[in-house]
1. Taking the beta-carbon count within 10 Å as an exposure proxy, list LEU23, LEU91, LEU53 from fewest neighbours to most.
2. Could you check the simple spin-label distance between LEU91 and GLN58, using points 7 Å along Cα→Cβ, in nm with one decimal?
3. Suppose a student asked you for the relative contact order of the range 9-104, using Cα pairs under 8 Å spaced at least 6 residues apart; what percent would you report?
4. Grab the other residues whose beta carbon is less than 15 angstrom from that of GLY92, score K and R as +1, D and E as -1, and report the net.
Amino acid sequence: MIQREGPVRTCVGCRKRELAVELLRMVAVSDGNGGNAVIVDIAGNLPGRGAWLHPEPQCLHTAIRRRALTRALRITGSPDTSAVEEHLQALGHPATEQVAKNMSTP
């Protein structure tokens, strides 16, 4: 039997289970206009319900398309995910739009 260290979470994008240390925790914060923004919880101690995501643009794109962030974070409407996209770019990943373009190109 393989011994795993730490909690296991499920990516809201691809639905694969992974150790929490391999995923990004995201939380919803109010944007002040009645909407919500999703931000990355780098320290892992922000209050509120969290959603977990692989640090890959494909998983973010899938989560947005499936409206998985809205369900996981129990919020209404389409949240602003630009902070998460910027975080992924800072990690050296291409923009989500570029990934979507590459996925549709034969």
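Read the figures in this text as sums done on the coordinates, not as results from a lab. The model shown is predicted, which means the values in this text are computed figures rather than measured ones. Using ideal geometry, Cβ is built from the backbone for each residue, glycine included, and neighbour counts are taken over all protein chains shown.
1. LEU91, LEU23, LEU53
2. 1.4
3. For the range 9-104, the relative contact order is 30 percent.
4. The answer is -3.
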